[in-house]
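Worksheet for the structure shown next.
Where a number appears in this text, it was derived from the coordinates with a stated rule and is not lab data. As the structure is a prediction and not an experimental result, all values here were calculated from the model. Here the Cβ is made from the backbone with ideal geometry for all residues, glycine too, and neighbour counts use every protein chain on show.
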Amino acid sequence: MSATNKSRTAWYFLLLALASLMWSAQGTAIKFLDRHMGPIAITFVPFYVTTILFVPLLLRMRRRNPNAGRPTARDWVQFAIAGIGGQVLAQLGMTWGISKSLASNGAILNLLIPVISAVLATLMLHEKITRLRLLSLGIGLTGVLLLSAGDLRESSFGNMKYLTGNVLIFGGCFGSSFYNVYCKGLMKKFEEIEILIFSYIMASLASIPLLLWVEPFHLRVFSTFDWKSWAAFAFLAFFMYGASMLLFFAALQHLDVTTASASLYLVPVFGVFLAVTLVGERLGGGAILGAAIVLASTVLIMKYDTSY
């Protein structure tokens, strides 16, 4: 790999690392909101704000490029597949799943996302599963398991009362992986920002009935917010669903899905870092070793993967 390509790859992984940092704070933001809103409202109301804010960006971008073609009916079907089969399934599956299971089960099942992404990328995009990529995924998984030792001890996959929740969480993991892989295939025709916004629009439209009938939402709930709740809501709208996805898609435009998905192992690393710096938790030796192993696996694939 040339020096120029190495520099570009390092830049793409920096974008992925920043996205992972934002995703790692999602659980903290949800904790500040769950006393005011139900799981569906927490998931989709900030999502709607993000979508509305994205629309002017899309219009401005398309005005700058008058040659950009209008999406056809077939394209809108593809955006619907990405939005509903990806975003709605991912967000709803994870939120509902954790409410019916254990947070520790969710943390462990989330480790499957890079693996599921690699399998789907092979089947749908014909990406190569090289030995280096397998090695990097394996090393990263080992490091995250060390980081998640506490979650492993608290998890309960054999308890049948958590079965529905665990299935929903797995569905959320699959939806997240499917969204990344499917959108990568759409990048042959559309810009990454177009794909993101069009799929968000379709996901928003599809989720509205949930707020109307399953978990009715009322605007007066905002009157109960304190500054921490507003900060959490703004974080989800501007960073979780907005900036982080723009960063991830900007990197995904140039990297294979398998390579980009390996960066998701950084999420628990940053989660531990935030717990130490913001909450004052102490790091054990296993957590420090696990974080170092995850970082090593990221450097490995960033420096030596030449398959893209």
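List of remarks:
- Shape analysis of region 197-275 places it in the oblate category; the axes a ≥ b ≥ c from the Cα gyration tensor give an a/c of at least 1.5, with a/b not above b/c.
- Low-density loop positions, trypsin sites (Lys or Arg not before Pro), region 181-214 - DSSP coil, at most 15 other Cβ in 10 Å: Lys188, Lys189
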